[in-house]
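Colleague: Structure in C-alpha cells, see below.
Nothing in this text is a laboratory measurement; each read-out follows from the coordinates by a stated rule. A quick note: this is a predicted structure, and the numbers were derived from the prediction, not measured. Virtual Cβ from ideal backbone geometry, glycine too; neighbours counted across all protein chains shown.
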C-alpha cells in the first residue's frame with residue numbers, strides 16, 4: 001500500500017496544489033517562499049496533530065475574501081458553498097496487501113479498483129455559517145467596535161471544524177465520515193524539521209548525547225535484547241551495593257538507634273542501575289581526531305547537523321516500524337518528511353547524504369522483511385542535493401503568481417519532450433531529453449532555484465556577461481531609475497549551452513522562469529557542393545543556428561531579420577508543449593542586429609564594430625590578437641577583422657576584462673545584448 005498523490009486546496013499559497021509521490025523518495029524543490037514549508041505544515045496538521053487547528057491567515061488570499069463576503073449574508077442551504085481548507089489523499093494497494101483497518105475506507109465492490117481516497121477538511125458547515133453571521137450581528141448590536149475580520153480571526157476555531165471522509169474512487173459524491181483514529185491506524189507521519197537544535201557554542205551542546213539516549217530507547221525491543229549489557233549491569237549493581245553498605249553504614253546505624261523498633265528501621269541501600277537511565281544521564285558522544293577523543297561540540301555545525309540528522313532518521317524509522325512493540329504491526333503507509341537536510345553542510349557533505357539516504361531507507365525495509373513500507377519526502381533548495389538525485393524523483397514547486405503555488409513532477413517531462421510517433425523524430429527527442437536531464441542535474445541544477453536565466457553560447461559571452469550586467473546596472477543607478485533592482489543582485493542563473501539552447505525549450509517552459517537566450521546570427525550561404533558555409537551578412541541567405549531555426553520556424557535570413565524588427569518573445573503553451581509569439585512571454589531570443597551601419601554575424605564582429613578604437617588602443621597588450629596591422633586596414637570590414645585578427649575567442653574575452661578600467665567604461669556593450677538585459681529587468 002502506498003500514497004500516490006495529495007491534493008491541497010485553499011491553504012496559504014497552496015490554493016490548488018497537486019503533488020504525486022514516488023515509492024521510495026520524493027524530492028520537493030523550489031525557491032524560497034515557494035510553498036515547501038506550507039506543504040509540510042498541512043501534512044503535519046492533518047496526519048499527526050492530535051487536534052489540528054488553523055488560523056484565519058492559513059486560508060489562501062482568495063478564500064479569505066470569500067470568508068469576509070459572508071458578513072451580513074443570508075444564504076440558504078442550497079445556495080451556500082462550504083468554505084474549507086482541504087487535503088485529499090489518493091492511496092493505492094495491491095492484491096498482496098493486507099489492507100486491514102484500511103477496509104473501513106472502501107466504498108465500492110470492484111476488486112480491480114485498488115484505490116482509496118481520503119478527504120480531510122477544515123470547513124465552515126452551513127449551520128456554523130448561520131451561527132457565525134448571527135453571533136457577529138449580535139456583537140454589533142451591542143455596539144462593540146469589532147470588525148468582521150477581527151471577529152473571525154479571534155474565533156475561527158469556534159465555527160470551523162475538522163472532518164475526515166472516505167470517498168469512492170471515480171465517484172467522489174459517494175462518501176462516508178470516518179474517525180481520525182482509523183486514519184492513524186493506516187498512516188503514520190513523522191518529520192525531521194529544519195531546526196534540529198544543534199550548536200557548538202561555549203562547549204555546552206549535548207544534542208548528540210541526548211539523541212544517543214533516544215536512539216537506544218527507540219531501538220531496544222525488550223530488556224533481554226542485549227544480554228551482555230544486562231550481565232554487566234547486574235555485576236555492577238552487586239559491586240556498588242557492597243560499596244554503598246560501607247558508605248552509608250554510619251547513617252544507617254544512627255537511624256536505627258533513634259527508631260522505636262531498630263529492626264523495623266534497618267535500611268539497605270543498593271544499586272539499581274537502569275540501562276535507560278545510564279544512556280540518558282551518563283552517555284557522552286565524542287569523536288576521534290587522530291588519537292584523541294574530543295567532545296561533540298568541538299565539531300563544526302555541518303557535522304553536528306549531519307550526525308543529528310542520521311540519529312533522528314534512525315529514531316524515526318524505529319518508531320515507524322514499531323520495532324519496540326513486537327506485538328504490533330507497522331501501519332500500512334509510513335511517511336517520513338525531512339526538511340532541508342543541507343543546513344550548515346558544505347556541498348560534499350550534501351552529495352554524500354543524498355547519495356546514501358536511499359540505501360539507508362532500502363536497508364530498513366530489508367531488515368523488516370519488506371513488511372515495513374516507507375515513503376520518504378525531502379524538501380530542499382540545495383542544487384548540490386538535486387544534482388545527485390534521480391530526475392524522476394523531483395517535484396518542482398514554483399509560484400504561478402503572487403498568491404498561488406503549483407507543482408510539477410519531472411518524470412512528466414519525458415512525455416512532454418518525447419511524444420512523436422515518427423521513429424527518427426522520436427530518437428532525436430530521446431537524445432534531447434537525455435541531454436537536458438544529464439546537463440541540468442549534473443551541471444546546472446541551480447536553474448530550479450533561479451528567478452531568471454540567461455542562456456549563452458560559449459566562453460566569450462560567459463566571461464563578459466557579468467561585466468555587461470554591471471555596466472547596465474551602473475547606468476541605470478546613475479540615472480536614478482525608479483525602483484530599479486540591479487541585475488547582479490537578482491537570482492539569475494547564467495548557463496552556457498553552446499548551440500543547444502533549443503533543446504532546453506520544453507524544459508524552460510516546464511519550470512516557467514523568465515529566460516533570455518543570447519545566440520549568434522551565424523549567417524551562411526550555399527557552397528558549390530550544396531552545403532551551408534559561414535559568410536558575412538551581405539552574402540548570406542540562411543543561418544546555421546539551430547536555435548534560431550527551431551524557435552522562429554524560419555531558415556531564410558531575410559525572413560529572420562524581418563522578424564527581428566520587433567523583440568522575438570515567446571510564451572509556453574503547456575497543453576501543446578510549444579512556444580508561440582507573445583509580447584508578454586517569458587522567453588526572449590536575441591542575436592546580432594544592425595548597429596552603426598553594420599550587421600554582425602557573431603559576438604566578436606559585433607563587439608569590434610563598436611569598440612574598434614578600444615581594441616586598437618590595446619593591441620599591443622591583447623595576447624589574443626594576430627595580424628595586428630590589419631586592424632587599421634580600412635579595406636577590411638568587421639567580419640574580416642574578427643576572422644583574421646582574433647586568434648582565440650576565449651583569450652579575447654579575457655583581454656577585454658584585463659585591460660578595462662574598473663567600471664568597464666572603456667568599451668561598449670553590443671546593442672542586442674543591452675536590449676536583452678533591459679527586457680530581463682522588466
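Colleague: Give me 11, 614 sorted ascending by neighbouring Cβ count inside 10 Å, so fewest comes first. Mind showing how you got there, number by number?
Modeller: Values: 11 26, 614 17.
By the 10 Å Cβ count, ascending: 614, 11.
Colleague: Taking neighbour counts of Cβ atoms within 10 Å as a proxy for exposure, in what order, fewest first, do 667, 679 appear? Don't skip to the answer; put the middle values down first.
Modeller: Working: 667 21, 679 13.
Fewest-to-most Cβ neighbours within 10 Å comes out as 679, 667.
Colleague: Taking a label point 7 Å from the Cα of residue 403 along the Cα→Cβ vector, which residues of the range 28-63 have an amide N closer than 16 Å to it?
Modeller: 56-63
Colleague: Further question on the same structure: Using 0.36 nm per residue of separation minus the Cα-Cα distance, give me the extension gain between residue 57 and residue 4 in nm, one decimal.
Modeller: Values: separation 53, 0.36 × 53 = 19.08 nm, distance 2.88 nm.
Value of the extension gain: 16.2 nm.
Colleague: In cubic angstrom, how much convex hull volume per residue do the alpha carbon atoms of the range 605-667 span? Show your work: numbers first, answer last.
Modeller: Numbers: hull volume 4.7 nm³, N = 63.
Hull volume normalised by residue count: 75 Å³.
Colleague: Still on this model: Using the 10 angstrom Cβ neighbour count as an exposure proxy, how do 243, 162, 333 rank, fewest first?
Modeller: Numbers: 243 10, 162 18, 333 22.
With the sparsest Cβ surroundings first, the list reads 243, 162, 333.
Colleague: For residue 420 and residue 663 in one chain, what is 0.36 nm times their gap in residues minus the Cα-Cα distance, to one decimal in nm?
Modeller: Roughly 82.4 nm would be gained on extension.
Colleague: For the range 105-130 and the range 621-641, write down the distance between their C-alpha centroids in whole Å.
Modeller: Result: 76 Å between the Cα centres.
Colleague: If you take the Cα atoms of the range 425-590, find Rg, then find the Kirkwood Rh from the mean of 1/r over all pairs, what is Rg/Rh?
Modeller: Answer for the range 425-590: 0.99.
Colleague: Moving to a separate point now. Between residue 126 and residue 23, what is the spin-label point distance in nm, taking each point 7 Å from the Cα along the Cα→C-beta axis?
Modeller: For the pair residue 126/residue 23, the computed spacing is 4.6 nm.
Colleague: Something else now. Taking 0.36 nm per residue of sequence separation and subtracting the Cα-Cα distance, how much length would be gained by fully extending the chain between residue 582 and residue 462, in nm to one decimal? Can you show the working numbers first?
Modeller: Values: separation 120, 0.36 × 120 = 43.20 nm, distance 2.76 nm.
Roughly 40.4 nm would be gained on extension.
Colleague: Out of the DSSP beta bridges found with both residues in the range 425-590, what percent are antiparallel (nearest 5)?
Modeller: Bridges in the range 425-590 are about 50 percent antiparallel.
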